Amino acid sequence: MRGLLPIGAILAGVAALIAVNIVFALDTIDISADFTGMSAETVSSLVDQSASPHLTPDIGPVAGLDRPLFSPTRRQFVPAPIEEVATPSPVEVVEAIPEVSTMRPEIELKGTRRIGSSFAALVHEEATATYSWITAGEVLQGWRVERVGEAELVLTSSGSSVVYSLYPRESDATP
């Protein structure tokens, strides 16, 4: 009888640990950026909207770097509902035709993300030391973004193209 008491205590402890693990396994962990309590001015100062104005501020560079880009548990971001506000009448904006550049853009591809059915790329512009999210069709340093794939970015300009890979081949690495 005396030998059964420690075994019963051990089994009770193991059962308690299993119950705690089940509770934690069922709990959802939210790793999204938390902008609650911040004013709109603070959030807009943290997020550079001029780089990709069609993306929501919650998908800007700051929010993107707060969550790991390549994690097996990463979930798609779902923005909070936005209250409807009366919008002013639209103003016609005429965009200047960008200057065609022949030099390869000095950028680094830092990550990609699927937004809906298309991809967006997080690039670091070395000249300005800024990060921005770009999508196909945008212009970056005079080069048109031809395609953003799961692990690459293709830019074209004047018939030439350049491919940036998220995972450089060993032959591209410097010794």
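The values are calculated or read from the model by the stated rules, or taken from the named source; none is laboratory data. From a predicted model like this one, the values you see are computed outputs, not experimental measurements. Ideal geometry is used to build each Cβ from the backbone, glycine not excepted, and the neighbour counts take in all protein chains shown.
When each of E150, E95 is tested for being of a type in the set (D, E, K, R), modelled with pLDDT under 85, out of contact with any helix residue (DSSP H, G or I) (no Cβ under 6 Å at 6 or more places or on another chain) and exposed (fewer than 10 other Cβ atoms within 10 Å of the Cβ), the lone residue that passes is E95. Can you tell me which residues in region 125-147 are of a type outside the set (A, V, I, L, M, F, W, C) and under 22 Å from Q76 (Cα atoms)? The answer is Y131, S132, T135, R147. So how many residues does region 130-146 have that are more than 17 Å from the chain's Cα centre (by Cα) and in a strand (DSSP E or B)? So the count comes out to 6. Based on what the data block shows, is E150 over 13 Å from the mean Cα position of the chain (by Cα) and either within 24 Å of Q76 (Cα to Cα) or acidic (D, E) (or both)? Here the answer is no, as E150 does not meet what is asked. Note on region 112-129: residues that are modelled with pLDDT under 90 and either closer than 16 Å to P168 by Cβ or not in a strand (DSSP E or B) (or both) total 6. The numbered conditions (1) modelled with pLDDT of 90 or more; (2) buried (at least 16 other Cβ atoms within 10 Å of the Cβ) are all true for V163 except (2).
With respect to being modelled with pLDDT under 80 and of a type in the set (S, T, Y), S132 falls outside the description. Is it fair to say R67 is at pLDDT 85 or above and either within 20 Å of the chain's Cα centre (by Cα) or among the basic types (K, R) (or both)? It is false that R67 is at pLDDT 85 or above and either within 20 Å of the chain's Cα centre (by Cα) or among the basic types (K, R) (or both).
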